1. Based on this model, can you work out whether A:Gly15 counts as open to solvent by less than 30 Å² (accessible area, probe 1.4 Å) and under 30 Å from A:Ile468 (Cα atoms)?
2. Go through region B:247-268 and give me each residue that's away from chain A (no Cβ under 14 Å), surrounded by 15 or more Cβ atoms within 10 Å (Cβ to Cβ) and more than 15 Å from B:Pro218 (Cα to Cα).
3. When you look at A:Leu454, is it more than 23 Å from the chain's Cα centre (by Cα), surrounded by fewer than 24 Cβ atoms within 10 Å (Cβ to Cβ), aliphatic (A, V, I, L, M) and within 30 Å of A:Glu676 (Cα to Cα), yes or no?
4. Counting only residues that are open to solvent by 50 Å² or more (accessible area, probe 1.4 Å) and closer than 19 Å to B:Val201 by Cβ, which one in region B:135-150 is nearest to the ligand (Cβ to nearest atom)?
5. In the list B:Gly185, B:Gly181, which residue meets the criterion of being in contact with a strand residue (DSSP E or B) (Cβ under 9 Å, 6 or more places away or on another chain), closer than 30 Å to B:Arg268 by Cβ, away from the ligand (no atom under 16 Å from the Cβ) and open to solvent by less than 20 Å² (accessible area, probe 1.4 Å)?
6. Can you name the number of the only condition in (1) more than 14 Å from chain B (Cβ to nearest Cβ); (2) within 20 Å of A:Ser289 (Cα to Cα); (3) surrounded by fewer than 19 Cβ atoms within 10 Å (Cβ to Cβ) that A:Ile695 fails?
7. Mind telling me which of the residues A:Ala386, A:Ala409 ends up being among the hydrophobic types (A, V, I, L, M, F, W, C), open to solvent by 50 Å² or more (accessible area, probe 1.4 Å) and in contact (Cβ under 8 Å) with a residue 40 or more places away in the chain?
Amino acid sequence: MEPRILGKGVSKVDGVKLVTGRGGFTDDFAIPGMLYARTLPSPHAHARILRIDASKARALQGVRAVLTHEDVPRIPFTTAGQGYPEPSPYDSVLLDRKVRFVGDRVAAVAADTLAIAERALSLIDVEYEPLPALFDPEKAMEPDAPKVHDEKDTTGIHDRTRNLAASVEAQVGNVEQGFAAADLILERTYRVPHVQQVPLEPHICISYLDEDGRLVIRTSTQVPFHCRRTVARILGLPVGRIRIIKPRVGGGFGAKQEILLEDICGALTLAAKRPVRLAMTREEEFSRSRTRHPQVIRLKTGVTKEGKLTANEMTVVANTGAYGGHALTVQCCTGSKPLSLYKCPHVKYQAHAVYTNLAVAGAYRGYGCPQGYFAVESQMDELAQALQLDPIEIRKRNMVGLGDSLPMAEVLGEGKEGFHQKIESCGLSTCIEKGAHAIGWSEKRGKPGRGPILRGVGAACLMQGSAIPGVDMGSAYIKINDDGSFNLQVGATDLGGGSDTIFAQITAEVLGISPEQVVVYSSDTDLTPFDKGAYASSTIYITGGAVKKVAELIGEQIVKVASGLLSRNQSDLRFNDGSVVAPDGASVTLAQVAQHSFYTQDQFQIQATASHMSYACPPPFAAQFAEVEVDAGTGLVRVVKFVTAVDCGKVLNPPLAEGQIEGAVAQGLGYALTEELRFDEKGRIVNPNFTDYKIFTARDMPEMKTILVETHEPTGPFGAKSVAEIGINGPAPAVANAVFDALGIRFLELPITPEKILKALKERAPQEAIA
Amino acid sequence: MSLEYIRPRNVEEALECLLSRTFKILAGGTDLVIQLREGRHKDLPILDISRLSELRFIREKDGKTVIGALTTLSDLLSSESLRRTAPVLLAAVREIGSVQIRNMGTIGTRFCQIVSLGRKGRTRTMPLPDFLLGPCKTVLESCELIHSVSFSTPPVYQHFEKLGERKAQAISIASTALVSGFKNGRLKGIRVALGSVAPTVIRAKQAEAFLESRPLTPDMILDAGEMAAQEASPISDVRATAAYRRKMVMAMVTRGLWPCLKEVGESR
Ligand SMILES: Cc1cc2nc3c(=O)[nH]c(=O)nc-3n(C[C@H](O)[C@H](O)[C@H](O)COP(=O)(O)OP(=O)(O)OC[C@H]3O[C@@H](n4cnc5c(N)ncnc54)[C@H](O)[C@@H]3O)c2cc1C
């Protein structure tokens, strides 16, 4: 049957309140008696705290609590909000005697006003013993390098003595054999920088004690349930004594898959017995939130004359910064997804995630894949060029398709060995065809024109996953109300992407009602059932599956009641427009069913709950195309047009799917051309603001075209796969390939800045550099 | 935080205030409010002149344009007369900040030849270079305010280019403005201004003199670009290196000059 509501551009259920400024964000609530907290950042990249004296701060009028490492127990944990046990080292404590990057947390203050809190920070007297700092991950692995984590009580660090937070190695086949069979071997080293997620709403939380003395934390998080578990550990409270509430969230992109404020905010509330608000400034968001792992990627590829891959070997050195949350799993994904896109009998992957004294890396949309795809998709173009093949042709000769399995995904998994994966839906070749047509591939490629403005087009192919197989679980609860409306409760975390809306659509689809009849309440650990949280492109695939199941269970209960009311067979009844209808036209409304079940006979609440998980992790596929103009005089690259053709299975809400792609492309273009956190020789970030850290603005955005190529994924709810992350993977390689098409110069390092372009032009031909 | 704030009713009153003590003047506030938030000017009272409509005007007379100090950047963009006489100015204004910044921000001293400073009972007027002393430093005294700025109608050929790391809301890496007339195959009255490549905006005077010295040729354009690049004294910062900035002066000045070849030809 054609869906009525899925596949339509249903308006967001939270749209009106957001656009009318009625808010609902964390900071839209103030609690009487609320204190304002600030934390003291480390001025050193690496230092031991010899002495810390907070007595002057404590004595300041209006200061209600001050915490230093002397005031709190030392309980190692990971800030990463992942399933338990987390595949990340327990290398953080609430407050430490050592600081490991500029901005690391030294102390915390809660006071009557922000100004008093700031002043109190300045009164905390700290004596540091600066230690030699590590900025280069390759040097940090050397045996005599200083140790970022030398404490004995940390666990899960791969090799403390070599600053290795995590290491991973996996092989399918035997690459030596594969290289021996190659006609051509290409080996390149790619470098990608520190970039930041820059959610518009910085991290913020407000914590307080409720009437029963339980700790309640309203927080802008992607992972309320992991947050509750981790905060319980850090503060030594039973999980049942903590409630996490996630209000509306202004974006997270992975930066909020971390517990960065809730622990210390909660500790301050416990210390002061008062509500406390703690928020990051934009500068802190840059300096002490999280970043994408910078990597040095060595990629060696063997290929036959016909352009068939024989071997692929990737070696990654990643800079995880001072802490190792997500270090293992991000590096797993760099290998498992980009190295699975093309069929290749022999594949080897090795990665080290190395501690340094720089900004901390973590989860960021794409989760290791943008790095890997930049290497793989640049390399495919260079191979095509060497073999005189069209870049699209070489991809077509190697790409995976329906029925193929993904051996790298299986051996690498995500933190532990994965599960067998077989592709059951794949629209990649259609994506390539439609995308190429939309960009004008055959007319435009290889025609740079004559200076000073040179033109080029470039392509990249991609796949991602949908949730972490065998790990991620989501659940949902529904009950009916007197008027035939429903409450849907999900633990899932809508960060602005619109999952609450899609859940309303799914419920409405199953029960034959309109989405407005579904009141969605999400992400409150007291009131909603468990959910893994918003990450790994999992929410629609996993929690959507739970919502579909629970709606169907509700449907069964309703039909049972209706069948009694109508004296018709259950199997003959259908949902239609708020009623249950028999083939002969007899019907009852859902309101009648609800009232009957509440008040009339065999009274009960129509209600159900369901959970969903999956061992399958169906990849969405995409082909992305960039058209650029390169100004040979200034080195500036202008992206003129950007096309994404994406197969995310059945599209449940087209505008929301397009929004996911467009947002991801905006971030990916910044990665390609303008974004980079820069550090001075002391490890301080020199551009921790929007003036100097350049994200793409509306005026910089190219003409965008998003083509939704529908397939049906048998394991997904109504055939859906994920769409949240995939779009961020392709802009960097597509732009790099387009720049190559324009200039004939290949850039192996991001971002591709005007200075790098001018330098490369000059090295090639001194006179040409000036147009 | 508390601050003292005074909003005079007219220019006369504003000048009286300024004579009596030291204020921080608030016009559009797009610079000042940021500075206040950073904790600067803590002890100074604020004199809000933003509503003094006497200082918000654009007048063109006898080849001279006078612009009141409180004219907003958006006002400039909607001025018919400026569109005719000084498109180069509008091209530059269009690149400033965002719509919001242009709606609030005032012209102050940003684009002009002559600055008029008012103080109680007296006005002094000077060429822009005399007004600017260095980055964020001017000859303005605490008892004065900028009354207006003015310039004589620039020659017909006008060119502006700004280079930033992205299109909107980008502090420039370098910028160039160029105006010129043409006579007998030569450039006449050429002015080459360079932004963000020296402590203040500067003119590339050697390049200007060279360009006027003989009939224009393609080689001269390249040489003039080189000269202008040498006249710049850029620094390296988070946005670009000094070497890149110098290259950009060369690229932008030559680019601005190429169209002159054709115009010069027609003036022969
Ligand atoms: C996001 C952003 C982007 C920007 N982008 C650009 C850009 O691309 N290019 C660019 O050139 N600028 C840019 N600016 C700066 C902007 O152009 C200036 O802030 C604006 O022109 C200043 O005008 P204002 O009226 O807001 O000045 P205010 O902030 O009110 O004042 C600025 C200073 O001038 C003094 N002052 C103001 N008026 C007078 C007067 N009549 N007499 C004496 N002193 C006076 C004030 O005391 C103060 O010290 C940007 C600013 C922001 C916030």
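1. Working: open to solvent by less than 30 Å² (accessible area, probe 1.4 Å): yes; under 30 Å from A:Ile468 (Cα atoms): yes.
Yes; evaluated as a whole, the condition is true for this residue.
2. Within region B:247-268, the subset away from chain A (no Cβ under 14 Å) is B:260-268.
Then drop every residue that is not surrounded by 15 or more Cβ atoms within 10 Å (Cβ to Cβ), which leaves B:260, B:263-264, B:267.
B:Ser267, the sole residue that qualifies.
3. Yes: the conditions hold for A:Leu454.
4. Pass one, region B:135-150, residues open to solvent by 50 Å² or more (accessible area, probe 1.4 Å): B:135-138, B:140-142, B:147.
Checking the rest, the ones that are also closer than 19 Å to B:Val201 by Cβ come to B:135-138, B:140.
Details: B:Pro135: 12, B:Cys136: 8, B:Lys137: 11, B:Thr138: 8, B:Leu140: 6 Å.
Within region B:135-150, the match that is nearest to the ligand (Cβ to nearest atom) is B:Leu140.
5. On the way: B:Gly185 fails: in contact with a strand residue (DSSP E or B) (Cβ under 9 Å, 6 or more places away or on another chain).
One residue alone meets the criteria, B:Gly181.
6. (1)
7. Details: A:Ala409 fails: open to solvent by 50 Å² or more (accessible area, probe 1.4 Å).
Exactly one residue qualifies, and that residue is A:Ala386.
Quick grid of which residues meet (1) of a type in the set (S, T, N, Q); (2) within 19 Å of A:Val490 (Cα to Cα):
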| residue | (1), (2) |
| --- | --- |
| A:Asp212 | no, no |
| A:Ile217 | no, yes |
| A:Gln222 | yes, yes |
| A:Arg228 | no, yes |
| A:Ile244 | no, yes |
| A:Cys265 | no, no |
| A:Ala272 | no, no |
| A:Arg290 | no, no |
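The values are calculated or read from the model by the stated rules, or taken from the named source; none is laboratory data. Please read these numbers as outputs of a predicted model, since none were measured by experiment. Glycine gets a Cβ as well: all are built from the backbone with ideal geometry, and neighbour counts include every protein chain shown. Surface areas here come from the heavy atoms of the whole protein model, side chains and all, with no ligands, DNA or RNA. Shrake-Rupley method; radii C 1.70, N 1.55, O 1.52, S 1.80 Å.
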